[in-house]
Each structure stands twice: as C-alpha cells, then as structure tokens.
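Where a number appears in this text, it was derived from the coordinates with a stated rule and is not lab data. Quantities reported herein were computed from a predicted structural model and do not represent experimental measurements. Here the Cβ positions follow ideal geometry from the backbone for every residue, glycine too, while neighbour counts run over all protein chains shown.
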Amino acid sequence: MDLQFKLTKDFIEEIQELIASDNREAVVNSLNKLHEADIAEILDVVSMEEAKYIFRLLEDERASDVLVELEEDIRLKFLKALSAKEIAEQMDNMDSDDAADIMAEMPEEKQEAVIQQIEDPQQAIDIASLMQYEENTAGAIMGTELICVNENWTTDQCIEEMRIQAEDVQYIYTVYVVDNDKRLTGMLSLKSLLFAKRGTLVKDIYIENVRSVNSDESTEEVASMMQKYDFVALPVLNPDRILIGRITIDDVVDIIQEEAEKDYQMASGISENVESSDSVFALTRARLPWLIVGLVGGVLGAKVIGLFEVQLGQFPEMALFIPLIAAMAGNVGVQSSAIVVQGIASNNIDLSGIVGKLFKEFRVALLNGIVCAILIFLFIFLVDSDLKLGLTVGLSLLAVIIFAGIFGTLVPLLLHKRNIDPALATGPFITTSNDVIGLFLYLYIGYLFYF
C-alpha cells in the first residue's frame, strides 16, 4: 500500500480511461496499491457514474472503509445513488458507530429500508439503538464492538471467550471486566493475562477504578477527558452502570477537528458549518448574518463620529488616528476573548471566579496599554510636536485597551454561562462592539482635552 500517494490529474485521467474501456482488472490493480482514504479522494473528483463503477469493484470491507472516509457532502450524493441493498451490504462490514453516523445522514424512509436489508440481525439492532441517542452525546458516537470478560472467569476461559469476541472487533485497545450483571468493574491488561498462572481468576488480576463516561455525557467532555488522560479508548455506561459500548480515539479526533473548524468559522464570521463546495445560497446564508452585524457596527461608528463632527472640523488631525483606535480596540478584544475561549474549550478555566479573571485581565491590559500609549505619545510628540494630540491619543489608547481587554474576557464567560458557544465572542461581534465603543472613548477624551 502506497502511503506517499498524491492524487494527480494524470492519475485521474488514467483511471477514467480504464473505466471508459471497462478494464476492471487494471482499475482493481491500481486501487489495490492505495489506502482507503486515497480511494475516497478519487471518488470525490470523478463523476458519479465513475465513482459507482470504482466502488462496486472494491472488496466488501474496503468498500465500507472508503464510504466512511468520504467527505460528508460527497457521501450524501453517493448514498442517494446507491440502492438500500448496496448500502446495507456496507453496513454489515462497518463498526456500529460508523454505520449509525452514516445512517443518520440519510432520509428516514431510506434508513428503514437499509435496516431491513442488513443481514446481521445484531448489527441492525446495534445501529438502530445507537441512532436513538441524542446528537453530540457519548452514546451517539460510541461503538458496541468491544472485548469484555467476566470477573469470575478463569484466565483459560477468558482467552477462549476473547478469541470469539475478537472476530467482530477491528482494533483491541482494552479488555473490560464486568460482573454477572454486566456492570463495569475494571479493566484487564493483556500483560497480566499473559503472565497469570492457568486457572487464575480474572477478579484476582484485573485493575479496578477504571475511568468511564455515561451515555448522556457531552462529546466535548469525552474529548476533553481522552485528551487530558491520553486514553485511546473509553468505556460507556448506561445509568445502571452497565457496559454498553466504547469510544475510540479516532472518533474523538473527528470531534476535535469538527469543533476546531466550527470555532474557526464562527470566529471568522461564518454562522454555519459550510464547505467551499456548498451552493452559493448556502455560503451566502452562512456569511450574511455577520456581514449585517458589521454593517450595523459601521453605521453606529459613523453615528459616533457624527456626534463629534464639529470638534473634528476644528481639529481635523484627530481624524487621522481613528483607524488606529478602532484597530487596536478590535485586536485587543479578539486576543482576550480567544484566550478565554481556548481555556473554556480545554477546561482549563474555573468559571466560579469571574471577578478574579477580570482583575487579572485588567492588569494585563493596563500594562499593555501603558506601553502602547507611551509609544504613540512619543511618536506624535517627536514627529508632529503636538503635546495635546499626543496626550489625547495616548490616554485614549490606554482607555480603549483596558476596556477592550475586560470586555473581551467578560463576553465569552457570560456566553458560556448561558450555554451559548463562547467562540461567538472571537468573531465580528466583539470586534464591532469594541470598534464603536473605542471610537466613542477616543472622541470623548479628545473633546475633554480640546474643549
């Protein structure tokens, strides 16, 4: 398998020529050298008919892996082009969590048709049960495939049972230990199992007090826990502490990536999760709300300047530093809010002491503000020899930086307390607010100095 593969135009054209001549053997030989993710990339760029041609040449397990690797929007189009029976054949070869995720992307009518076509009854039950969990919970992303042993088994019985269970598990990260009621009691290391004497009971060698999550736990909490403790797998329990599944690191990586993309888009002023390949209407709908917010902010800024129109007419040199004040207000606010949002996302911030955090940010903003104020004062005084303007801009900059720092810290904390995504605070909202208020502070301080 070529792990250094790079998709090129020449390779795509070669594959398309082989498909056009119906040279199946040559297509299969070319695909056999590639990873499933690379094949998914090929399906993204060829026509739908060509994609179906390639997909139907893949072995069952490879086809299922390719389907999982496809980008969501491409996979949706692909699923529409496949029959319920063809999709069901792939579901039989997938991990239950991946199958449930893909099923959730389809219309309800097709979901029912696919479930009825799945040959393995247990797989159908597992998929249907996983789809009942609320989105963004541990239950919704867990898989039911795992290795589980009873604490009362001997090591010999344990190994025999593990061999049977391993047939349905692609990767074995952990062996979980349960009691007679299937409640999780601990974890069994493979090392202790290998070195144990024959006839030793599992309960004499397993590890107790294993970390786990409830099925209704949020995916963000799960990702945070696995990231903090470097887990590669985490058991999931129902309210009765019965072991019902496990979450693996690959699922958590996907969640972290999705959250990062969402936060980045929100910070950039995009209100929906969109891709560059989405329709013009979808992209416009995602961007327009925050553009309107920026437009309103611009109007308010113009109104603030209008309030001091007479003063600016008498002292036009003040207008030269309006862009500087607005830019510094926005930058400081985004810096402060970004640090808070990052801390909230990684659970490194204790939300109980908001006053303490605001006081700390005040000290940081004060120090930054003093340095910037001195620099701009020296620049204006040395270049323009204007003491009054230097003092006006310097003091205004100090006031703006302090306000923007505190405001940028407070807003994400308040949003989080109200269960609103704090990433909202790093976008146009904080920038626009600080621009308007920063302008007012600057012009008002100028008014006090000059009049």
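With the highest mean first, a sort of the peptides 179-190, 392-403 on other beta-carbon atoms found within 10 angstrom per residue produces 392-403, 179-190. Relative contact order for the chain: 11 percent, from Cα pairs under 8 Å spaced at least 6 residues apart, divided by residue count. Footprinting exposure proxy ranking of L237, L194, fewest other C-beta atoms within 10 angstrom first, gives L194, L237. Sorting 195-204, 163-172 by average packing, meaning the other beta carbons within 10 Å per residue, from highest down gives 195-204, 163-172.
For region 30-42, backbone phi angles converted through the Karplus equation (6.51, -1.76, 1.60; θ = phi - 60°) give residue-by-residue couplings of 5, 6, 4, 7, 9, 6, 4, 5, 5, 5, 4, 5, 5 Hz, Gly and Pro being listed as x. The A113 and E61 beta-carbon pair, evaluated with R₀ = 25 Å, returns a calculated FRET efficiency of approximately 0.65. The mean of 1/r over all distinct Cα pairs in region 280-450, once inverted, gives the Kirkwood hydrodynamic radius of 17.0 Å. Helix 72-81 axis versus longest C-alpha principal axis of the chain: approximately 40°, rounded to the nearest ten. In order along region 251-256, the Karplus-derived 3J(HN,Hα) couplings, from 6.51 cos²θ - 1.76 cosθ + 1.60 at θ = phi - 60°, round to 5, 6, 4, 4, 5, 4 Hz, and Gly and Pro are given as x.
If the cut-off is a Cα-Cα distance under 13 Å, which aspartates and glutamates reach K388, setting aside same-chain residues fewer than 8 apart in sequence? Result set, ordered by chain and number: E317. Per-residue ellipticity at 222 nm, computed for the chain from helices alone with -39500 (n - 2.57) per DSSP H run of at least four residues, works out to -21000 deg cm²/dmol. In this rough spin-label picture, where each label sits 7 Å from Cα along the Cβ direction, the E167-L387 distance is 9.3 nm. Take the Cα of N136, step 7 Å toward its Cβ, do the same at V253, and the gap between the two points is 2.4 nm. Considered as an equivalent ellipsoid built on the Cα gyration tensor, the chain has semi-axes of 56, 31, 18 Å, the largest given first. Can you give the angle from 0 to 90° between the axis of helix 322-345 and the longest principal axis of the chain, with both taken from C-alpha atoms, to the nearest 10? Here the helix axis deviates by roughly 30 degrees. Taking amide H as placed 1.01 Å from N in the peptide plane, T137 has its amide H under 5 Å from the amide H of T219, each at least 5 places away in sequence or on another chain. Reported to the nearest whole Å, the Cα centre-to-centre distance from region 127-205 to region 45-73 is 33.
Computed about the Cα centre, the dipole magnitude for the chain is approximately 2840 debye when only Lys and Arg (+1) and Asp and Glu (-1) carry charge, each at its Cβ. Note on K85 and F362: the model spin-label points, each 7 Å out from Cα along the C-beta direction, lie 7.3 nm apart. Using only Cα atoms, tell me the angle between helix 219-229 and the longest principal axis of the chain; keep it within 0 to 90° and round to the nearest 10. Once rounded, one gets 80 degrees. Ratio of Rg to Rh for region 9-136: 1.00 [Cα atoms; Kirkwood radius as inverse mean 1/r over pairs].
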